[in-house]
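These notes are about the structure you will find just below.
Derivation of every value follows stated rules applied to the coordinates shown; laboratory data play no part. Note that this is a predicted model, so its numbers are computed, not measured. Every residue, glycine as well, gets a Cβ built from its backbone with ideal geometry; the counts of neighbours run over all protein chains shown.
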Amino acid sequence: MAETQQQPNAAPPDGPTSRRGFLTWLTRAFLGLWGLGAAGVIGAYVKAPERGERIAQRLVRVGLLDDLRIGEGRLVRHGITPFFVVRLDQSRIVALSAVCTHVRCILGFDRERRILVCPCHDGRFDLAGNVISGPPPRALPSYTVSVRAGEVFVQL
Ligand code: FES
């Protein structure tokens, strides 16, 4: 009767304690964790911000009302949405996009004539955002202005 003897240094069959089994388990664990991390990153990217977050991000603090003189037009460089804030009189303030609707040059404020002027092709806008002259095809977007506790905010 032939008996098979197991050698003491022979590797045991594949299983959780073998080297191959351990490496397979480690690889799967790594890929699983990597997959969870990737899913989290993609989920965070795809998920729309909450309504409150959106409003908070789009409410821009311009400064103190007392620092904005009547007739002054202040350019606020807010990321890709630069805009002008113009104080018309004691109580009226307007906010208009500072991006020309022709080919997106940044407008300048002409304090004497109280208009916005484009340096690229001489497009001109009144302080309601309407095109006065030049090639711009449409009016400037305007934004809501509010004053809270003496500070001016613009809702983009
Ligand atoms: S870019 Fe403003 S008029 Fe052309």
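Only residues of the range 131-146 count here: report those whose backbone N is under 16 Å from the spot 7 Å along Cα→Cβ of ARG92, or say none.
Label zone hits: 142-146.
Cβ neighbours within 10 Å, averaged per peptide: list 130-142, 31-43 in order, most packed at the top. Mind dumping the intermediate values first?
Details: 130-142: 14.7, 31-43: 9.9.
Those peptides, ordered most packed to least, come out 130-142, 31-43.
Between CYS105 and residues 5 or more places away or on another chain, which pairs have amide H atoms under 5 Å apart, with H built 1.01 Å from N, and which residues are they?
It is CYS100, by chain and number.
In the range 69-132, which trypsin sites (Lys or Arg not before Pro) are in a loop and have at most 14 other Cβ atoms within 10 Å, using DSSP for the loop call? Numbers along the way, then the final one.
Numbers: sites: ARG69, ARG74, ARG77, ARG87, ARG92, ARG104, ARG111, ARG113, ARG114, ARG124; in loops: ARG69, ARG77, ARG92, ARG104, ARG111, ARG113, ARG114.
Taking the range 69-132 and a limit of 14 other Cβ atoms within 10 Å, the loop trypsin sites (Lys or Arg not before Pro) found are ARG69, ARG77, ARG92, ARG104, ARG111, ARG113, ARG114.
Between ARG77 and GLU112, how many nm apart are label points set 7 Å from Cα along the C-beta direction?
Using points 7 Å along Cα→Cβ, the separation is 2.6 nm.
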